[in-house]
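What follows is a set of notes on a single structure, which appears directly below.
The values are calculated or read from the model by the stated rules, or taken from the named source; none is laboratory data. These numbers were taken from a predicted model, which means no experiment stands behind them. In this analysis, Cβ positions are derived from the backbone assuming ideal geometry, glycine residues included, and neighbour counts consider all displayed protein chains.
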Amino acid sequence: MALDAIISKIESESRSEYEAILKTAQDQAEKILMIARIDAEDLRQKTLSKGNLEAKQLARRLFQVAELNARKELLQVKQNLLDEIFQASLNKLTGLPADKYRQLIRDMLAAQNLAGDEQVIVADADKSYLGNGFVDGVNNQIRQKGGRSQLQLVYDQKLARGGFILRRGMVEINNTFNSLLRAQRDELELLVAQELLR
């Protein structure tokens, strides 16, 4: 399955989860705002009944504080929603079956402009998925296309599972799933924020 198809499938499944979580978050936010407004209005009515200017000012300040607190809670719900979406996407990528995972990494490597002498650094946890035979296969594919390839597979205990780092000399290109998702997060946060504000 090509990288685009896998990513498209993950995006489709993530969209469904996102919409369900979004609906729940919006319902929670509406409830929070409604309760805050009712509480603030109740307090305002009690305070206004006293009839003095100081009581009116206090009620207005309390209402503003209640609205501010409700907005803070809504913002936290939105942030939690984004965290859940990105974690679900990462879990789907790292949870791919071994054959699909290997194909995804092969496709990602094929999309790189390889000189042929790079180190492919993967997490120690990926050793069972991406053994030495894996990089030999990639090298053979590149050679069959007329390229020179002596890619080396390196395992790193500190690296989180998913994706790889491509190193050539002092230059590293981070293609770990965490890094790739983080790079997309700013753009996606803007889109999700627009959806939440609809």
Exclusive hit being under 22 Å from the mean Cα position of the chain (by Cα), in a loop (DSSP other than H, G, I, E, B), surrounded by 18 or more Cβ atoms within 10 Å (Cβ to Cβ) and at pLDDT 85 or above, set LEU130, LEU96:
LEU96
I'm checking my understanding of the structure. Among residues of the range 142-183 that are touching a Leu at 6+ places or on another chain (Cβ under 9 Å) and among the polar types (S, T, N, Q), which one is farthest from TYR101 (Cα to Cα)?
SER149
Residues in the range 165-180 that are aliphatic (A, V, I, L, M) and exposed (fewer than 13 other Cβ atoms within 10 Å of the Cβ): how many?
2
Would you confirm, using the coordinates I've provided, whether GLN87 is modelled with pLDDT under 90 and touching an Asp or Glu at 6+ places or on another chain (Cβ under 7 Å)?
no
Could you give every pair whose Cβ atoms fall below 8 Å, whose first residue belongs to the range 23-43 and is of a type outside the set (Phe, Trp, Tyr), and whose second residue is loosely packed, with under 14 Cβ neighbours inside 10 Å and outside any helix (DSSP H, G or I), counting only separations of at least 6 or pairs across chains?
none
The lone condition ALA160 fails out of (1) loosely packed, with under 13 Cβ neighbours inside 10 Å; (2) within 16 Å of LEU90 (Cβ to Cβ) is (1)
Failed criterion for ALA59 (all others in (1) in contact with a helix residue (DSSP H, G or I) (Cβ under 8 Å, 6 or more places away or on another chain); (2) aliphatic (A, V, I, L, M); (3) within 30 Å of ASN178 (Cβ to Cβ); (4) without any contact (Cβ under 8 Å) to a residue 60 or more places away in the chain hold)
(3)
Could you list all residues from the range 150-159 that are in contact with an Asp or Glu (Cβ under 8 Å, 6 or more places away or on another chain) and in a loop (DSSP other than H, G, I, E, B)?
GLN150, LEU151, GLN157, LEU159
With respect to LYS31, determine if the residue is over 26 Å from the mean Cα position of the chain (by Cα), at pLDDT 75 or above and loosely packed, with under 14 Cβ neighbours inside 10 Å.
yes
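So, ASN139, is that one surrounded by 14 or more Cβ atoms within 10 Å (Cβ to Cβ), out of contact with any Asp or Glu (no Cβ under 7 Å at 6 or more places or on another chain) and either in contact (Cβ under 8 Å) with a residue 60 or more places away in the chain or of a type outside the set (Asp, Glu) (or both) or not?
So ASN139 passes the test.
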